[in-house]
Amino acid sequence: MSSPVARSEALKGARFGAHEIVGLLGHGATASVFEGKHVALAKPVAVKILHEHLAQDEQIAGRFLREGRIAARMRHPNIVEVFDVGVEHGLPYLVMERLHGSDLHALLADTERLDVEHALAFLLPIASALVHAHEAGVVHRDLKPANIFLARDVRDDVIPKLVDFGLSKAAGFHSDSLTRSELVAGTLLYMAPEQTVGVKFATAASDQYSLAAILYECITGVAPFVAEGIYALIDLIRTTKAKLPSAIAAAVSPELDAVVLRALDRDPAARWPSVRDFARELLPFASTETANALARDFSDRASARGRGAPAPASGPSRTSARTAVAPAETRIETSERAGVPPLPCAPGTSPFHIKGNPYRGLAHFLTTKLPGGLDAFCDALDDARLRDFVRQPFLATSRYDVLPFYPLSATLARVVGAPFDTFVRAATASQARYDARTAYKRIFEGTGVMDIPERIARFNGHYYDFGEFIGEVLAPDRFTIEFRSTPAYLFPWFGLMNVAYTEESARIGGAKEVNASLGAPRPVGETGGFALVTFTVDVTWR
């Protein structure tokens, strides 16, 4: 499979129905989204095109086209509009309205939390969209912040849009056979307990749970349940009651606690009778502007509308939504959110290597614990060359190119629905605890906090065939580890990983209230055409 840029160039000018491809907007695990235009009308559109290697799979291609047909049935101001669906050049495609803006996931990644009024300015319009979808017989089944797009209209107002009906279930669509990777599908952080058993068990009540989980994260800054592994997270979702939002964010009232936690009940029958009922209970906590704009959507009178009838012309609170976006907007628009840069060389050809243990552990995890297994993970990789690389029979005694660890980790974070930095820190801390108990027990045994910098420096020298690692104790409550001549490409993963490993190692050594910080990378030349940087991890504790 060619790179996204190469695909963009190859398809530029190609016709898909009545539309012409202009250029690439973005790409994901299953499809790329291109800017297009209606040839006769010169109207800008977005064209979502299934990746070539997936288009050969009849199930995947059929599901992709089904997404377009389901979404095209929806007519609501807060649901992305689909104009056309079809197959051209052997590639299934959807033509959608061209949106400008960013998604809620990006906003939350850049903002500690939203106040309640701002959160509801985004989510009550989405609730209205879900009411409309449910009345039309459609269950979304993959509601998450990344599927809530904060679009800008011609007046520069923020209009939340529900997107991506790829996992949705619609009455009247019976060709709903599921691949292995879809048996448990969606994003775990926002998934209802019944959906963790299998996507076929998802109902409108599951969408209500997901909407409540997103609201919970918006107003507290954390998801209702967080764990270090997929199965631990599933267990929490199935067996544990979420902490009161007000226990995390003091600005949340006990009355709102009760509304949100009912929607998050493990028993679907114990949740609010419908998303409409849930949204009606949320209206008193919204701004006057938001409540006035949306009250009609959730009134008892609305429930008398015929199934599939046009939804009222709802709208979010323009002022509240714009205010919520504004503080983070510049940072979002200027930051790199398109994903991990492409590998600077073919996998396996760089001069930087790591002992094979981590790759073997990664392959074992993908094969035995990830829903859908290794096949599902490989389908999610943007670089097809990584598929063959990650399928190698890794041996602990061998060394392998370390650069692929960055895109592989980023893909795994995306698959499990976690922010990249959160995922890397949690996974690495877990690895440190495992090492202390098992494979590297002898290194950690008898280790005090003051021994950590020297032992980690020695440990890294054994693991990697590049760079130099210098540990230094600066004070009784502070030490540093300097990582010299690290590949610059690797730094976004390698730096976070070493912060987490060092921090957790200090805890294992007996330190309390540990704080590890990552210094900015400093350019120090190159090796074989690869730029190098040096950085420092600084650790303090009490």
Assuming 0.692 mPa s and 37 °C, estimate D for the stretch 420-542 with Stokes-Einstein, Rh taken as the Kirkwood radius over Cα pairs, in µm²/s. 226 µm²/s
Please compute one quarter of the surface area of the Cα convex hull for the stretch 210-279 and express it in square nanometres. 4.7 nm²
Surface accessible to a 1.4 Å probe, V87 within the full protein complex, Å²: 80 Å²
Among the lysines, select those whose C-alpha is under 26 Å from the C-alpha of K37, and discard any that sit fewer than 8 residues away in the same chain. K12, K48, K161
Want the number for A258 to R458: 0.36 nm per residue separation, take away the alpha-carbon distance, what's left? 66.8 nm
Subtracting the Cα-Cα distance of D477 and S299 from 0.36 nm times their residue separation yields 58.1 nm
To the nearest 10 Å², what's T536's accessible area with a 1.4 Å probe? 30 Å²
Whenever you get a sec, line up R433, R387 from highest to lowest accessible area (probe 1.4 Å, protein heavy atoms). R433, R387
Förster radius 35 Å - calculated FRET efficiency between Q392 and I470 (Cβ-Cβ, nearest 0.05): 0.60
In whole percent, the fraction of accessible protein surface over the stretch 359-435 that belongs to carbon or sulfur atoms, probe radius 1.4 Å, stands at 56 percent
On the accessible surface of the stretch 86-153, probed at 1.4 Å with all protein chains in place, carbon and sulfur together account for a percent value of 48 percent
Whole-Hz ³J(HN,Hα) for each residue in the stretch 53-67, computed from phi via Karplus 6.51 cos²θ - 1.76 cosθ + 1.60 with θ = phi - 60°, x for glycine and proline: what do you get? 5, 8, 5, 6, 8, 4, 5, 5, 4, x, 5, 4, 5, 4, 4
Based on the Cβ-Cβ distance of T367 and V39, what FRET efficiency does E = 1/(1 + (r/R0)^6) give at R0 = 41 Å, to the nearest 0.05? 0.30
Would you work out if the stretch 73-144 is rounded, prolate or oblate? Take a ≥ b ≥ c from the square roots of the eigenvalues of the alpha-carbon gyration tensor; rounded if a/c is under 1.5, else prolate when a/b is larger than b/c, oblate otherwise. oblate
Under the rule of at least 5 residues apart or a separate chain, name every residue whose amide H is placed under 5 Å from the amide H of F83. V95, M96, E97
Please calculate the 1.4 Å probe accessible area of K48, with all protein chains present, and give it to the nearest 10 Å². 30 Å²
Using each residue's phi in the stretch 274-291, evaluate 6.51 cos²θ - 1.76 cosθ + 1.60 at θ = phi - 60° and report the 3J(HN,Hα) Karplus result to the nearest Hz, with x for Gly and Pro. 7, 5, 4, 5, 4, 5, 4, 6, 7, 3, x, 8, 7, 5, 4, 4, 5, 4
Can you give me the distance in nm between label points at A520 and A251, each placed 7 Å from the Cα along the Cα-to-Cβ direction? 3.0 nm
Between the stretch 370-408 and the stretch 493-529, the Cα center-to-center distance that results, in Å: 24 Å
Calculate one ³J(HN,Hα) per residue across the stretch 459-466 by plugging θ = phi - 60° into the Karplus curve 6.51 cos²θ - 1.76 cosθ + 1.60, and present them in order as whole Hz with x for glycine and proline. 4, 5, x, 6, 7, 10, 9, 9
Starting from the Cα of A531, step 7 Å along the direction of its Cβ; do the same at R399; then give the gap between the two resulting points in nm. 2.5 nm
For W493, W272, give me the order by solvent-accessible area with a 1.4 Å probe, most accessible first, ignoring ligands, DNA and RNA. W272, W493
Per residue, how much accessible surface does the stretch 48-127 expose to a 1.4 Å probe? Answer in Å², no decimals. 38 Å²
Using a 1.4 angstrom probe on the protein heavy atoms only, line up R437, R399 by accessible area, largest first. R437, R399
Please find the FRET efficiency linking D157 to E81, where r is the Cβ-Cβ separation and R0 is fixed at 30 Å, and quote it to the nearest 0.05. 0.95
Calculate what fraction, in whole %, of the accessible area of the stretch 196-262 sits on carbon and sulfur atoms when a 1.4 Å probe is rolled over the protein chains. 61 percent
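The values are calculated or read from the model by the stated rules, or taken from the named source; none is laboratory data. As the structure is a prediction and not an experimental result, all values here were calculated from the model. In this analysis, Cβ positions are derived from the backbone assuming ideal geometry, glycine residues included, and neighbour counts consider all displayed protein chains. What goes into the accessible areas is simple: the full protein's heavy atoms, side chains included, and nothing from ligands, DNA or RNA. Shrake-Rupley method; radii C 1.70, N 1.55, O 1.52, S 1.80 Å.
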